Structures are given as structure tokens and as C-alpha cells.
């Protein structure tokens, strides 16, 4: 802020004194939010000279307005034209102060690209004027402003490198908070500038950018030419020389340290927080810094959790965090987001080979220093092993860490519950579907750990809210009905009969011993033979000009991994055979496809090729369920039927992420039917289809084509089987009320 600056009592600056004019500009640029310049000559080389201050000014969102005369260097004119025409590439990241400093600190082609970019993004606005009478504009005034204060000044030098570095100059300033006289002067100065900048000055002619006169040697000479033309080598030499003078060297060192501090400062990497992020943080604070954020896939769970870390850092001055995720792919995604927030000392157990040594050193240091920043990103499997558990046990001050569990339902598994970090007091669980299906005990312990229970949890943000608020896109849903063969249905019935002896009479649920049989029965539905015929028919229905593109295909998979022990989904030979069969159908129709079978090797390049349109279709099993973020995905084909809401809710969320050029998503879902449904079916067969209808209702309630779904084939099947479809739909609607 401007009131932090130690201005000289006289408010005067002179070359060769302890109050150099350069110091005035650097001080004000480092603390102001707006800078208005009313000039004669302007040269962008002055921005280069003052890059230390301008980097902070631009990084903090500063905007500069310039009124200058009509004579510019050739490079400055070209940059102004390119900026006003928006004919620029992105030369630096406006959220990265080091990138800004680097761009402004070198006076070559890259610098002028940076200048054009700032003009194109309205961070620098320039008006070119000349008097209606003879002569040129020769002002040398300016005003700096922040939210609370203003400083105006009059200088003897032009805002050029020559004026700042070569001349013996003086500058007088006026601070609004000093006196009523100063305040009135600044009000008058501001009104005068605004009148000129807004094109209302009758004594001036306003010129088009193409009317700018280029300063060239055969038309200009003497001091005028020196003001505007500067060689890069001379500028660097003179800048280094003056900044190493006794008057400025110590001050510049302080500014350099301040710039380094800002460069390492965590920051919110987007233009502003969403309302949901503010509400989630508030709810978490009110729940004693514990809680589950039950947020729709694609609505920004990761950003919301990282924002909580940022808010706590801004309060406490340090951050210590352990982030646990199911897979290596998701760990890598988190690492990217953490880096985007500019957090430092990020330790990934999967991208840093020496992570164990880093943690051991941190533990040793914690004896003396308990506010050392660190963010550890790991998988649940690695978290449950001895190295992380030892770190938690032996590190001093571990109670002031924050623990973030992504896809938090995983911590309810038996292995993870044994290693649940009770020592850590600040806790965030993230999941679109926190409940553990068929595991009330594990769910209840998870709820207790996070001090958060369904249905509202600590913070809840549904898929309907995300679609209504345009965070996720709309979608159409197309159920495709597939009959089991007679042989498959007989096998399904036999397994169901065998399962009866494993029902717990007290709870009415299956005992643990039933797991293998349940999995075997599920595989019959997942791998129904007629699904391949249905996919072939679907692909043949598309005309060549409307073939599938940007498409995920979830092929039938074998088992659901336990991420407490496994970091990846391993594909066995039987699964690989199935994915090969589905791939052949796409290959025969000339699709560019890739079998995404898991692992992190080459995954980043594969997913980029898909997002760039070089791959039409990704065929996958479990590896696209958790940790893959490709907003460009427009279509999904669910060949794998599942009764677990977590799986199909997550998969749908992945397809609904917003992306430029994407208006709506389309989802095709293979729905398994008992054979010969018209001839009467058993209770087992009805139960099989009822489970499928529940999934259809879940999709239909938010689909744009809901009416088509409910009054198509589905209605006829439900009437034959006596299934109350509309009661199911009402129950699905209730979760969004």
C-alpha cells in the first residue's frame, strides 16, 4: 500500500541525493494498483529500467494508463499496434511474478511481445495526442493510486530510459493523506488526466495508432532522439551501473528479496474463488476444521481443498499437509494442482526417488522447527506402509498438519482404518459418493473420523447444482437394452441360489464368505455376450461424417481393486482379451483408438493426444474411474454395468466437464435384461433388472432427454415386470431437494 512508503519529508527526489527519482517510481509501482501517466515522450525502455517494480505492479493486478505524444520508437509503435489489434501470443504467465520479471527485464524481441500482450489484455492503455497548435505534448506528470490513497507527481524528466538513467533530474510528489491542499491538488490532477484520457480535451488532437511518427535518425537528432532510441547493450550497462550505486544498491537488494518472497508465495491460481469454495471453507471451519466435502465429480473438489490450505496459510503463516489418493495417476494430477497454487516443498512419493530421505530430514528438523512448509502427496497404499506411518509417529508437531483424503471412501477399508491418522486434527475428506457400498461399519468409522455424516455432510454440492450453475455441461442419456443368453441366465440363477446360505439372518446381508460368488455373478452381467453385438449395432448407426470422437469406452472389467493395498488396477489375461475384442470393433470401422489399460507410463502423452483429437476413442477398464481429468471428452459408452453408484456417478462426472466448443455430452449405457422377458420371469430375474432400472433412473433424472428415456422401451419393460419406474424417479429427485 502507498501509505507503507517512507517518503522524504520534503516529498522531493533529486538525482545524486539519497532520494533518487528511480526510488520513487520503484516504491510506488511496488505498492500501487493504478498508475496514470501524462507524458511528453514515452519509451517502453523505462518499463524495462523499472522492471523490479513493474513486475510487482502487474502481478498484483495493476493497470496503467498512458497519454503520450505522437513520436515513438519503431519497436514501441509495432508493439502498440499488435496489442491494440490483439495480435499477440502469450509471452508470460500473469500469475507468475518471476515470469513477468523475466519478460520485462530483457530488452529484446521478447520484451516487446510482453508489452504488446499487456496492451492486448488492457493492463496498459495508451492514448496518443498532439496539440492542435504547433509543437508536441510535453507533460511529465503522473498519479499512483491504491484502494485508500493517491500520490501525484511532477517530474523534470521524460518517462524514458534516457530520462531515468542519464539526466540529472528532480521530482516532487503530493500525498493525498498529507493535507487538504495535497488532496485538492490530486483531485484536480486526476480530473485533468481523465479529461484528456477520455478524449474530452479541446486543445488536443487524438491520433490513430497508424498516425504515430517513428523516431528515426534522418528526421530527429540530439536529445529528442536519445529519449526514444536506445541500444539493448547500452541499456543493460547503464541500468547495472546505476543500480549498483551506493544510493540504490541496498534498496534494490531489498526489492529483489521482496520479489523472491512474492515468487514463492502461495496464491489462488484462478481469477476468483467460486462461491462453493467459500462456502465449503466456512462450513469446514465451523465444523472444527474437519469434514467431508461431498461434491460432484468435475465440480472442483481438488481446488476447494487446496483453497482451504491457502486460507489457513494466510492465517497462520505456514502449511503442513498430507494428501492421500487412490492411484498414481491421481497423485500426479494433484501434484499439478498443488504447483499451480505455488505451494513450495512439495514431496511426491511417486515422482521423487529420494522422498524417504526428505521425510527423514523433515522429522529431524521438526525437533527445532515445527512451522516448516511441506506438502506430501501419496497413495493410500504407500500411506499405509511403514515409511509414512513412522513419519507421522515421530515428527514433532504432527497435530498441526492437515490430512486430505481424496476419494475418501477408500479410508474405510480395513487396512486404511488400521492406519487412520488420528494424531492429525485438521481433516478433509473428498468424494462425490462418500458412502461405502455394503460396508456400513467402514462408512461409520469414516464419518466419525471426519466428524461428518450423510446426507448433507460438512459441505454438499450435487451434480444437479453443478449443471445448473454451468460448472458441468448438460447431457443426453441413451440406455441400450441387452438380453442375457439362456446359458448366462441359468448360471446367474444357480449362483443366486448358492448365495442364499451366506445371508446373515440378523442383518439380512451377505456374509464376507459370499464375496467370491458375488463377484462371479457380477461378472456374468458385466461380460454378457450380447453386449458386443449391441456395440457393433451402435457403431454402425453412425454415418461416416458423424463418427464418434473424444469418446471414452468403459469395457467390462473383472474386479474392484482395494486401493489400500494397490496403487493401480492390474489387467489380467481374461480382461485383456475382452478389451482386445472391443478394440477390434473400433479398428474395423477405422477409428483411431487406444487401449488405456492403466499405469502412468506415457499416460500424460496419451491423454494429451486424445484431448488434441489425435485419438478418437479411449477404451479402458477401471483406470479412467479415478484420477483422469480430460474436459474435452464429449461421449461415453458404458459397456460395464454396475450396481455401485460410485462408479457410474464418477464416470458420468468425467464426461460432463466443461470445455471450449463442447455444448453437451452424450452417454450410451448397456442395460442388461433377462432373456424372453415377455414370457414371464422369476424373482431373481426381476431383481436383476430392477438394479439396472435404478441406474437408468439416476441418469434420467438429470438428462435433457428425460421424457424420451421414460416413455421409450424402458416404460414397456417396467410395465411387464411390475416395476414402478416413476417411484424410483421420485426417490432420485429427492436427493437433489
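The values are calculated or read from the model by the stated rules, or taken from the named source; none is laboratory data. Given the structure is predicted, the values throughout are model-derived calculations rather than measurements. Because the Cβ atoms are built from the backbone with ideal geometry, glycine has one as well, and the counts that use them run over all protein chains shown.
Observations
- Of the residues making up segment 299-314, at least one is outside the structural domain of residue 61 (by TED's automatic domain parsing), surrounded by fewer than 20 Cβ atoms within 10 Å (Cβ to Cβ) and over 28 Å from residue 467 (Cα atoms).
- Screening residue 308 against (1) within 22 Å of residue 382 (Cα to Cα); (2) touching a helix residue (DSSP H, G or I) at 6+ places or on another chain (Cβ under 7 Å) leaves a single unmet condition, (1).
- Scanning segment 426-446 for residues that are in contact with a strand residue (DSSP E or B) (Cβ under 8 Å, 6 or more places away or on another chain) and surrounded by fewer than 18 Cβ atoms within 10 Å (Cβ to Cβ) yields one hit, 438.
- Of all residues in segment 549-566 being crowded, with 21+ Cβ neighbours inside 10 Å and farther than 30 Å from residue 378 by Cβ, the one that is modelled with the lowest pLDDT: 556
- Residue within segment 159-169 that is crowded, with 17+ Cβ neighbours inside 10 Å, at pLDDT 95 or above and touching a strand residue (DSSP E or B) at 6+ places or on another chain (Cβ under 6 Å) present: no
- Residues being in contact with a helix residue (DSSP H, G or I) (Cβ under 8 Å, 6 or more places away or on another chain), farther than 15 Å from residue 22 by Cα and in a loop (DSSP other than H, G, I, E, B) - total across segment 139-162: 3
- From the list 100, 71, 136, 66, the lone residue that is touching a strand residue (DSSP E or B) at 6+ places or on another chain (Cβ under 7 Å) and surrounded by 23 or more Cβ atoms within 10 Å (Cβ to Cβ) is 71.
- Filter result (over 27 Å from residue 552 (Cβ atoms) and surrounded by 15 or more Cβ atoms within 10 Å (Cβ to Cβ)) within segment 499-535: 499, 502, 510, 514, 517
- Counting only helices (runs of 4 or more DSSP H) that sit completely within segment 643-737, those holding 1 or more residues that are under 25 Å from residue 552 (Cα atoms) correspond to 645-655, 683-700, 706-710, 713-721.
- Search result, residues across segment 567-588 that are surrounded by fewer than 16 Cβ atoms within 10 Å (Cβ to Cβ) and modelled with pLDDT of 70 or more: 573, 574, 576, 577, 580, 581, 584, 587, 588
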